[in-house]
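Read through the structure below, which is laid out as structure tokens, and then see the notes.
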Amino acid sequence: GLYTQNFFSFAGPSSRKAVSQSEFQPSLAFGLGHGSSIGTSYMMFKYNWEKPAWENVPLGVRFAKKFTLGSGRMDAGLEAEKNLTFYKGQPDMTYRINFKYRPKD
């Protein structure tokens, strides 16, 4: 799948800096059986139309596992992501641990 958002200035004071940016979030996952999957991390690509340049180009992988916990369901995931662009203040590598608990309906 692909999720995208676009942010563009169209009104407001002229003293304010113009915004012209697109964000893309691809999603790909493969089931490994027994509730496990591997796929892309929650990476978000950002393109600045004002510069014009890519501001964020991540490349990442995610391993996830779904299992029963008590009477509910737990989704857990581990991610590692490398940023291929180099802007001051942005991390070179990002690691995430995700947990989502779904109680029984």
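The values are calculated or read from the model by the stated rules, or taken from the named source; none is laboratory data. Fair warning: this is a prediction, and the values are worked out from it, not measured in the lab. Please note: Cβ atoms are built from the backbone with ideal geometry, for glycine as well, and neighbour counts cover all protein chains shown. We work out accessible area using only protein heavy atoms, side chains counted, and drop any ligands, DNA or RNA first. Shrake-Rupley method; radii C 1.70, N 1.55, O 1.52, S 1.80 Å.
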Largest fluctuation, 62, 73, 16 only, Gaussian network model of the chain with Cα springs under 10 angstrom, belongs to 16
How high is the relative contact order of the stretch 21-81, in percent, counting Cα pairs under 8 Å that sit 6 or more residues apart? 29
GNM top mover of 64, 18, 53 - the chain, alpha-carbon springs below 10 Å: 18
In straight Cα distance, which lysines are under 19 Å from residue 100, not counting same-chain residues fewer than 8 positions off? 65, 66
Of all alpha-carbon pairs in the chain, indicate the percentage at a distance above 22 angstrom. 48
Output needed: percent of Cα pairs per 10 Å distance bin for the stretch 31-71, bins running from 0 to the one holding the longest distance. 25, 29, 23, 15, 7, 1
How much accessible area per residue does the stretch 1-45 have, counting only protein heavy atoms and a probe of 1.4 Å, in square angstrom? 73
Residue 73 and residue 94 label points (each 7 Å along its Cα→Cβ direction) are spaced in nm at 2.6
Loop chymotrypsin sites (Phe, Trp or Tyr not before Pro), the stretch 6-42 (other Cβ atoms within 10 Å of the site Cβ: 11 or fewer; DSSP): 10
Just how much of residue 32 is accessible, in Å², when a 1.4 Å probe is used and the result is rounded to the nearest 10? 100
Can you send over the carbon and sulfur percentage of the accessible area for the chain, probe radius 1.4 Å, protein chains only? 61
In a Gaussian network model of the chain with springs linking alpha carbons closer than 10 Å, the residue among 58, 91, 13 that fluctuates most is 13
